[in-house]
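K.L.:
The structure's right below; bear with me while I get my questions together.
The values are calculated or read from the model by the stated rules, or taken from the named source; none is laboratory data. Note that the structure is a prediction, hence the values are computed from the model and not measured.
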Amino acid sequence: MKVIISILAAILLVSCSHLNTYKPVDDVKTLDVKFGFYKWNGIKIPKEGISIKCGGDGISPDFYVSNIPKGANAILLEYEDSYLKRLGYPMSNGAYWISTDGKTEVYVPSVVEGTRELPEGIYVEREHSGSKVFNEATGVYRAPNSCYFTNKGAGHRYFVHVKAVYKPYDEEDQGLLLGYAFLELGTF
């Protein structure tokens, strides 16, 4: 089973190479990622995770990330709505990172949509692109909000790419991708 997951992770890694700003090492490890809040199950986005504009609380899931490989100094989370990507929208639902401080497992707390005020220890990698596509306020995270397409949600599938990376301290250094997991957040 672990071999199949590793193969799937490698395939997804290659197919999502447009998201990479980190050079993959020869042996990218498979990360173990679990939801922290019990209502996140990877099937249906809970009310707490749905955008405020759609009647939810606009809060990202929190995660426990383990099996972090040696050399990784950060866990990077990159969110996406697969439906809008298929339609050709240049969408990113945002990306942020947390330092690993050399640990092999870390807890990544939730963030609130559309804000730049992040919990201590979380840093912006890339703001969501909803401000450019849908004229929304900027921020580091864009919660599931497919109610723009219907009043109940349009069945969009939401994902997060979780990466253990080496973030260079010097511009001349190369960023490295050391570990990877792909997690379905659910449908809304």
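K.L.:
Of everything in segment 56-100 that's part of a loop (DSSP other than H, G, I, E, B) and polar (S, T, N, Q), which residue is modelled with the highest pLDDT?
P.N.:
The selected residue is Asn67.
K.L.:
Of all the strands (runs of 3 or more DSSP E) wholly in segment 101-188, which have at least 1 residues that are modelled with pLDDT under 85? Step through it out loud before you land on a result.
P.N.:
Working: elements: 105-108, 122-126, 157-166, 176-187.
Ranges flagged: 122-126, 157-166, 176-187.
K.L.:
When the residues of segment 24-44 are narrowed to those that are at pLDDT 85 or above and in a loop (DSSP other than H, G, I, E, B), which ends up farthest from Leu177 (Cα to Cα)?
P.N.:
Result: Lys39.
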